[in-house]
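Accompanying notes for the structure given below.
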Amino acid sequence: MSLGDYLIQKRLQNKLTQDEAAILMHITPNRLSRIERNIGRVYADEIAALARVLEVPEVELLNEVDRYRNFKLSMKNEMNISPEGK
């Protein structure tokens, strides 16, 4: 599951539209859409706001962010391996 999928799932569990969640987070709906689509970085203040609005512990959200970043790095590294394994 991507970070965006996780965030969408939590937002829907809280019965929030994207616009409602964005208002509660004090960001634009466009910015929340970009976060949920895994475009760009998620900043520390956004993580705190996401955790508050989605009613999840910040540490849980940070773990999800870290897990997703590690996954992206491993995929990038995997794509850079030559066919000979060098």
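Some notes on this structure:
- Considering only residues in the stretch 1-37 that are touching a Gly at 6+ places or on another chain (Cβ under 7 Å) and open to solvent by 40 Å² or more (accessible area, probe 1.4 Å), the one that is nearest to LYS72 (Cα to Cα) turns out to be ARG37.
- Within the stretch 14-27, being in contact (Cβ under 8 Å) with a residue 24 or more places away in the chain and more than 15 Å from the chain's Cα centre (by Cα) holds for ASN14, LEU16, LEU24.
- Of all residues making up the stretch 44-86, the number that are under 10 Å from the mean Cα position of the chain (by Cα) and among the aromatic types (Phe, Trp, Tyr): 1
- Candidates are the residues of the stretch 13-48 that are in a loop (DSSP other than H, G, I, E, B) and among the aliphatic types (A, V, I, L, M); the one that is farthest from MET1 (Cα to Cα) is ILE27.
- Near pairs, Cβ below 7 angstrom, 6+ apart or cross-chain, from the stretch 28-52 (in contact (Cβ under 8 Å) with a residue 24 or more places away in the chain) to any residue that is open to solvent by less than 60 Å² (accessible area, probe 1.4 Å) and among the hydroxyl-bearing types (Ser, Thr, Tyr): ASN38/SER2
- Taken together, the residues in the stretch 38-78 that are acidic (Asp, Glu), under 25 Å from THR17 (Cβ atoms) and open to solvent by 80 Å² or more (accessible area, probe 1.4 Å) amount to 3.
The values are calculated or read from the model by the stated rules, or taken from the named source; none is laboratory data. Being a predicted model, the structure only gives us computed values, none of them experimental. All Cβ positions, even for glycine, are placed from backbone atoms using ideal geometry, and neighbour counts span all protein chains on display. Ligands, DNA and RNA are excluded from the accessible area calculation, which covers all protein heavy atoms including side chains. Shrake-Rupley method; radii C 1.70, N 1.55, O 1.52, S 1.80 Å.
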